[in-house]
Amino acid sequence: MPDLACDPQRLMREHDELIVLVGAVEAVVAAEAPAPAAALQALAALRLAIDAHLAEEDAHVYPRLAGSASLAEQAIGLQLIAEFRHLTGDWSLYLLRWKPATIARDWAGFARDTREMMARLRARVARENALLYPLAAKAA
């Protein structure tokens with residue numbers, strides 16, 4: 001019986017949704033006028049979606065890679081997981097740093113850090129779609 005929880009196509013559709021939310025955050029920080037409330041709202045939606053998506057990956061994708069019969073696939077999977085864990089840690093630090101008062105006080109810094117973080121999230125999604133999910137599907 002196939003594992004419906006680890007459906008790479010469904011996970012890639014979730015990625016499409018994440019990219020839409022990333023775009024919403026990017027649009028807020030690209031506007032000429034600072035908009036801390038809008039930024040917080042867009043970030044909250046993105047954070048919820050990322051948290052849910054990462055829970056799925058932790059529960060279904062990473063265990064598959066760890067259990068792959070191919071040592072080469074296991075090694076690639078472990079490398080990708082380590083890279084993604086680093087980004088997840090940076091995402092957590094970003095969220096801790098940019099609280100409502102900090103955003104309001106340093107909009108330019110927030111916008112700069114946000115553009116960088118959103119670019120990294122976009123790159124992660126692309127890398128997962130290209131490498132992580134195909135490996136997990138093979139390991140099934």
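The values are calculated or read from the model by the stated rules, or taken from the named source; none is laboratory data. A quick note: this is a predicted structure, and the numbers were derived from the prediction, not measured. As a convention, Cβ positions derive from the backbone with ideal geometry for all residues, glycine included, and neighbour counts pool all protein chains shown. Remember, those area values only see protein heavy atoms, side chains included, never the ligands or the DNA or RNA. Shrake-Rupley method; radii C 1.70, N 1.55, O 1.52, S 1.80 Å.
Each helix, a run of at least 4 DSSP H residues, gives -39500 (n - 2.57); summed and divided by the residues of the chain, these come to -25500 deg cm²/dmol at 222 nm. Sparse packing (at most 13 other Cβ atoms within 10 Å of the Cβ) combined with a DSSP loop state is found for the following GluC sites (Glu not before Pro) in the stretch 1-76: E32.
Within the accessible area of the stretch 32-140, the carbon and sulfur atoms contribute 63%, probe 1.4 Å, all protein chains present. The residues of the chain expose on average 54 square angstrom of accessible surface per residue, using a 1.4 Å probe on protein heavy atoms.
For the chain, the alpha-carbon radius of gyration amounts to 1.16 times the rule-of-thumb value 2.2 N^0.38 Å expected for a compact globular protein.
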